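Worksheet for the structure shown next.
Just so you know, all these numbers are worked out from the coordinates, no wet-lab data involved. Bear in mind the structure is a predicted one, so any value in this text is a computation, not a measurement. In this analysis, Cβ positions are derived from the backbone assuming ideal geometry, glycine residues included, and neighbour counts consider all displayed protein chains.
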Amino acid sequence: MFDRLREDVRTARETDPAAKSTAEVLLYAGLHAVWVYRLAHWLWTRDHHFTARLLSQTTRFLTGVEIHPGAELGRRVFVDHGMGVVIGETAEVGD
């Protein structure tokens, strides 16, 4: 799992020309939303739907990015300027 988180940081760093440092990338709300999605998705696939949705809704409130825990996000997904982004349950992004 930590390898995937590091890959997410690397992807943001490589994809965003405005990224000046890894420390700056760690402050990106879109990155936070993807990280919490990965945890929520893990819970969702293990039938912990309430906890997964609670995490998802809390993240939406904090970041403005809504990613349903049942959605399928692959590797190297980067959400830049994510305010108002909605990724629904039936979405498949990446890989």
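Out of the residues in the stretch 2-19 that are of a type in the set (D, E, K, R) and without any contact (Cβ under 8 Å) to a residue 12 or more places away in the chain, which is surrounded by the fewest Cβ atoms within 10 Å (Cβ to Cβ)?
Checking each candidate, the answer is Asp3.
Take the stretch 73-84 and flag every residue that is more than 11 Å from the chain's Cα centre (by Cα) and on the phi < 0 side of the Ramachandran plot.
Correct list: Met83 only.
Please verify whether the stretch 19-35 includes one or more residues that are touching a helix residue (DSSP H, G or I) at 6+ places or on another chain (Cβ under 7 Å), within 23 Å of Asp95 (Cα to Cα) and of a type in the set (Phe, Trp, Tyr).
Within the stretch 19-35, one or more residues are touching a helix residue (DSSP H, G or I) at 6+ places or on another chain (Cβ under 7 Å), within 23 Å of Asp95 (Cα to Cα) and of a type in the set (Phe, Trp, Tyr).
Are there any pairs with C-beta distances below 7 angstrom linking a residue in the stretch 40-63 that is in contact (Cβ under 8 Å) with a residue 12 or more places away in the chain and part of a helix (DSSP H, G or I) to a residue that is surrounded by fewer than 13 Cβ atoms within 10 Å (Cβ to Cβ) and among the β-branched types (Val, Ile, Thr), with the two at least 6 apart or on different chains, and if so which?
Going by the 7 Å Cβ cut-off, there are no qualifying pairs.
Mind checking which residues of the stretch 1-39 are within 19 Å of Val85 (Cα to Cα), in a helix (DSSP H, G or I) and aromatic (Phe, Trp, Tyr)?
Within the stretch 1-39, Trp35, Tyr37 qualify.
Could you list, in sequence order, all residues of the stretch 35-60 that are aromatic (Phe, Trp, Tyr) and buried (at least 21 other Cβ atoms within 10 Å of the Cβ)?
Correct list: Tyr37, Trp44.
Can you report the number of residues in the stretch 86-95 which are farther than 11 Å from Tyr37 by Cβ and either within 12 Å of the chain's Cα centre (by Cα) or in contact (Cβ under 8 Å) with a residue 60 or more places away in the chain (or both)?
The qualifying residues number 1.
Suppose we filter Thr63, Thr22 for residues that are buried (at least 16 other Cβ atoms within 10 Å of the Cβ) and either β-branched (Val, Ile, Thr) or at positive phi (or both); which single one remains?
Exactly one residue qualifies, and that residue is Thr63.
Being assigned to a loop (DSSP other than H, G, I, E, B), of a type in the set (A, V, I, L, M, F, W, C) and over 19 Å from Leu5 (Cα atoms) is the filter here; which residues of the stretch 64-95 pass it?
If the condition is that a residue be assigned to a loop (DSSP other than H, G, I, E, B), of a type in the set (A, V, I, L, M, F, W, C) and over 19 Å from Leu5 (Cα atoms), then Met83, Val85, Ala91 are the ones that fit.
If I ask for residues that are in contact with a helix residue (DSSP H, G or I) (Cβ under 9 Å, 6 or more places away or on another chain) and loosely packed, with under 14 Cβ neighbours inside 10 Å, which ones from the stretch 73-85 would you list?
Arg75, His81, Met83
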